[in-house]
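The values are calculated or read from the model by the stated rules, or taken from the named source; none is laboratory data. Here the structure is a predicted model, which means the values were calculated and not measured. Here the Cβ positions follow ideal geometry from the backbone for every residue, glycine too, while neighbour counts run over all protein chains shown. Protein only, heavy atoms only, side chains kept; ligands, DNA and RNA dropped before computing areas. Shrake-Rupley method; radii C 1.70, N 1.55, O 1.52, S 1.80 Å.
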Amino acid sequence: MSKKSINILDKDYIHWVKELSSRYRKSQIKAAVKVNSEMLRYYWELGRDIVTKQAENKYGSNFYGTLSTDLKKAIPNAEGLSPSNIRYSKRFFQLYGPVLENLQQVAEKSQSLLERLESTLFSVPWGHHMLLIDKCSDAPQKALFFARQTVENGWSR
């Protein structure tokens, strides 16, 4: 029994297939954005933990290599846990943390501003953040400007 492909020339059917394909691609993009956002939150929290625990001082000079190795053992299929990425997580938190902290102190008046800022930060791809960290490590407002522009204009690296 051979399989024959169905060749439907009905315009409604062809339009429907195109519409389904488009919806599928949009769903894939939404899923990727959601995964990116959650990974950025993970990196943010990892950076925050490293800073608040003063992990480098507490665990020694090879802290990043050791943590990377231990995380890879604990989560074998995980990606993004290299020593370099873990360092970037710390720098990510250090770059934007003070800005968010200042906004949280006046949160009653600017809750929507804080939410928009967090939404922006967690919408920008990690590779963009790494570039911003490298280029704007001492200028969080400048980094935020470029992060906002990336989201608003769909900039690529």
Quick one: pull the percent of accessible area on the chain belonging to carbon and sulfur, 1.4 Å probe, ligands and nucleic acids left out. 53 percent
Just to verify a number: what accessible area does Glu118 come out at with the full protein assembly present, 1.4 Å probe, Å² rounded to tens? 50 Å²
Using just the helices of the chain, give the 222 nm mean residue ellipticity in deg cm²/dmol: DSSP H runs with n ≥ 4 each add -39,500 (n - 2.57), and the total is spread over all residues, rounded to 500. -26000 deg cm²/dmol
Measure off 7 Å from each Cα along the Cα-to-Cβ vector at Glu115 and Arg48, then give the distance between these two points in nanometres to one decimal. 1.8 nm
Within region 1-81, list the trypsin sites (Lys or Arg not before Pro) lying in a DSSP loop whose Cβ has at most 10 other Cβ atoms in a 10 Å radius. Lys3, Lys4
Given a Förster distance of 25 Å, the FRET efficiency implied by the Cβ-Cβ spacing of Ser22 and Glu152, rounded to the nearest 0.05, works out to 0.60
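Once you wrap a convex hull around the alpha carbon atoms of the chain, what is its projected area averaged over all directions, in nm²?
Numbers: hull surface 62.8 nm².
Its Cα hull, projected and averaged over all orientations, spans 15.7 nm².
Taking each full run of DSSP H in the chain as one helix, which ones are at least 30 Å long along their axis (Cα atoms) and have mean Kyte-Doolittle hydropathy of at least -1.0?
11-52, 83-105
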